[in-house]
Amino acid sequence: MSDQLITFYDDATGEQTRLTASELGVWVAATADLLTAGCGLRRGSRAGVLLPPHWQTAAVLLGAWAAGIEVSFRGWGAAGLSPDTGPALDVTFVERRRVGSWLEDVPPAGHRFVLGLAPDGGPTPDVPPGYRDFAPAARARLGVPPPPEGVEAGAAATVDGTTFGEYGAAAAGMAAARGFGSGDRILIDTAACEEPLIWLMAPLTAGASIVLCANLDRTRLDDRITSEGVTRLLC
């Protein structure tokens, strides 16, 4: 399993998805191209990402950051979105089951993508009106080159003004505090944290790989630790 960067399990559905760094990079580049060439967004645009820990969420976040887009993943308030202030986002990514519950009072702004988080990036059933299905939109761009320009350390990574340099330093500090190191394989219970700094950026910054487990069946935990070569637990 040493070549797998992100492995995703859903113990409720039996889903298993494995991505190498190269395979994830293809999705990241496709997402960045979808946002820039497809949606006309530019560096400094704002994206709301209301998605749980998942390999597709990793592609969305890393793709947005590769394009220099500021991200909010803490809800509409953190993005400056409220009934009083009006929309402040240029694009939103929302899990299908969250549409109609979180978004009734304040509809999303700008470009809207829905994700069913289907295995292997399959299409979302029952796409709501006003939304595009992210999976086929991104899949149509698989193979495009990554953005030619890197992001600057002083540019904003999140809508609260946290820079890429500050966010990277926070991820490195969190990895060190948890003992994450290069070559570690970290099993993460997705119910334990939705904060991307913890489940995504801290492991990647440390050079570790990730085993995401949704609806974790703890009776399988020992077997999974052995089969996946897990060295650290975040549960």
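Size of the stretch 1-59 from its Cα atoms: along the principal axes, largest to smallest, the extents are 37, 24, 16 Å.
If you average the C-alpha positions of the stretch 172-200 and of the stretch 11-47 separately, how far apart do those two centres end up, in angstrom? Cα centres, the stretch 172-200 to the stretch 11-47: 20 Å.
When the solvent-accessible area of the chain is split by element, carbon and sulfur atoms take up 51 percent of it, the probe being 1.4 Å.
Spin-label pair ALA12-LEU233: with each label point 7 Å from Cα along the Cα-Cβ axis, the two points sit 2.2 nm from one another.
Compute the accessible area per residue over the chain, keeping the other protein chains in place, probe 1.4 Å, unit Å².
On the way: 10140 Å² over 235 residues.
In whole numbers, the chain has 43 Å² accessible per residue.
State whether the stretch 182-227 is rounded, prolate or oblate according to the following rule on the C-alpha gyration tensor (a ≥ b ≥ c being the square roots of its eigenvalues): a/c under 1.5 gives rounded; otherwise a/b larger than b/c gives prolate, and the remaining case gives oblate. Oblate shape, in that a/c is at least 1.5 and b/c is the bigger or equal ratio.
Could you state the per residue volume, in Å³, of the convex hull enclosing the Cα atoms of the stretch 142-235? Display every interim value, and only then the final one.
Details: hull volume 13.2 nm³, N = 94.
In the stretch 142-235, the Cα hull volume divided by residue count equals 140 Å³.
Considering only DSSP beta bridges with both partners in the chain, what is the antiparallel share in %, to the nearest 5? Percent antiparallel among DSSP bridges in the chain is about 20. How large is log10 I(q)/I(0) at q = 0.09, 0.14 Å⁻¹ when the Debye formula is applied to the Cα atoms of the chain, each weighted equally and without solvent? Results for the chain at q = 0.09, 0.14 Å⁻¹ read -0.36, -0.90.
Of all DSSP beta bridges confined to the stretch 136-235, the antiparallel ones make up roughly 10%.
Farthest toward the positive end of the dipole of the chain, out of TYR167, GLY68, GLY38, is the Cα of GLY38, where the dipole comes from beta carbon charges about the Cα centre. Select from SER209, SER45, SER22 the residue whose mean-square fluctuation is largest in a Gaussian network model of the chain (Cα-Cα springs shorter than 10 Å). Result for the chain, Cα springs under 10 Å: SER22 fluctuates most.
The values are calculated or read from the model by the stated rules, or taken from the named source; none is laboratory data. In this text the structure is predicted, and so the values were computed from the model without any measurement. Cβ coordinates were reconstructed from backbone atoms using ideal geometry, including for glycine residues, and neighbour counts include every protein chain displayed. Accessible surface areas use protein heavy atoms only, side chains included; no ligands, DNA or RNA. Shrake-Rupley method; radii C 1.70, N 1.55, O 1.52, S 1.80 Å.
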